[in-house]
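One structure below.
What follows is calculated from the coordinates using simple rules that are stated; it is not laboratory data. Given the structure is predicted, the values throughout are model-derived calculations rather than measurements. Cβ sites come from the backbone with ideal geometry, for glycine too, and all protein chains shown count toward neighbours.
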DNA sequence: CAAAGTAGTCAGAGAATCTGACCAATGTCA
DNA sequence: TGACATTGGTCAGATTCTCTGACTACTTTG
């Protein structure tokens with residue numbers, strides 16, 4: 001099913017994304033953050049600095065709010081997040097990252113920086129800059145929350 | 001958890017990838033190819049022109065061979081693939097795309113071309129070329145099967 | 001204020017994934 | 001050549017992830 005000669009842009013985007021994600025997971029596990037799953041991480045990643053509503057997490061992760069709730073429950077039990085009332089809406093609660101989550105983010109950010117350096121080494125500073133520029137532009141038409 | 005000002009390269013790669021995948025799925029469903037799941041598609045996508053072994057599909061999709069077998073079973077029942085003996089190894093079988101799969105690929109390829117045109121319209125020909133170039137280069141260090 | 005919409009939960013089912021154990025065929029090398 | 005390790009794949013069972021449908025509580029809108 002794969003085109004023989006030339007990969008489509010989709011796969012070309014996916015490959016480095018997955019490579020980076022793998023690196024991050026490995027590093028987190030090494031650092032002792034091995035009590036959450038990829039699905040949980042994909043939700044946790046989207047929590048904003050001041051907390052984010054469940055519904056918004058669900059939308060951005062493109063899962064149902066029920067699924068998001070299920071995953072946040074587990075993150076809460078593992079101590080990665082807490083839920084606090086949303087002062088602006090009594091129906092809602094804000095999912096906030098706990099200290100443990102921010103510590104994990106430190107590790108993850110380190111890996112990202114390291115991998116980005118490796119990529120820049122391979123592409124050259126110029127091409128790396130062009131890549132980020134093109135991707136940032138692309139985001140304007142591919143990210144509904146941009 | 002998300003960086004406030006600037007997204008990391010990982011998310012920047014993921015966003016357009018997901019947008020493209022969404023478009024492809026929607027178009028396939030419209031065209032009547034609605035009897036397979038995303039997980040099945042991710043495996044099917046990796047079948048080579050002459051068939052591919054289960055183990056290799058599993059590796060490339062980064063799932064266990066048991067899971068791959070489970071998904072291929074379903075694709076076989078839906079008529080997307082067949083399994084034929086591997087002439088070079090009596091243990092192995094080759095998973096081959098059936099006519100229905102190649103028809104679906106036609107549709108998918110059409111969408112990819114369309115989306116790539118849209119992206120090029122947004123980025124300009126020059127930047128689009130740079131993007132593909134950088135991604136192709138990046139593949140060298142991020143794709144274990146390159 | 002009534003109606004419609006939004007945030008979230010509960011219940012139940014289906015899909016996707018894993019680990020462990022296993023068999024048959026192939027490869028290795030003393 | 002023959003024992004041993006490796007590889008391709010399956011079976012069984014459990015866990016995790018995800019969905020649909022139905023529901024409550026609160027908010028927004030006309």
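Taking 7 Å steps out from each Cα toward its Cβ at residue B:26 and residue A:22 produces label points 3.1 nm apart.
Other protein chain C-beta atoms within 10 Å of residue C-beta, averaged over A:125-134: 6.
What is the helix-to-structure angle for A:9-30, meaning the angle in degrees between its Cα long axis and the longest Cα principal axis of chain A, kept from 0 to 90 and rounded to the nearest 10? So the helix axis and the longest Cα principal axis differ by about 60 degrees.
State whether the stretch A:96-146 is rounded, prolate or oblate according to the following rule on the C-alpha gyration tensor (a ≥ b ≥ c being the square roots of its eigenvalues): a/c under 1.5 gives rounded; otherwise a/b larger than b/c gives prolate, and the remaining case gives oblate. It is oblate, given that a/c is not under 1.5 and a/b is not larger than b/c.
Report the full-extension gain for the segment residue A:129 to residue A:39: residue separation times 0.36 nm, less the Cα-Cα distance, to one decimal in nm.
Difference between extended and current length: 29.3 nm.
Using only Cα atoms, find the angle between the long axis of helix B:65-77 and the longest principal axis of chain B, and express it within 0 to 90 degrees, rounded to the nearest 10. Between the helix axis and the principal axis of chain B, the angle is about 80 degrees. The Cα center of the stretch B:128-146 and the Cα center of the stretch A:47-126 differ in position by 28 Å.
Three principal axis extents describe the C-alpha atoms of chain A; from largest down they are 53, 35, 32 Å. Only Cα sites of the stretch A:35-97 enter the Debye sum here, all with the same form factor; the resulting log10 I(q)/I(0) across q = 0.26 1/Å is -1.14, listed in q order. In the protein assembly as shown, the C-alpha radius of gyration followed by the widest Cα-Cα span (Dmax) gives 20.4, 67 angstrom.
Each peptide in A:9-22, A:34-47 receives the mean, over its residues, of other Cβ atoms within 10 Å, and ordering these scores from highest gives A:9-22, A:34-47. Taking Cα atoms only, the orientation of helix A:125-142 departs from the longest principal axis of chain A by about 50 degrees. Taking every residue in A:112-119 and counting other chain Cβ atoms within 10 Å of its Cβ, the average works out to 3.
Take each residue in A:16-24, count the other chain C-beta atoms within 10 Å of its C-beta, and the mean is 6.
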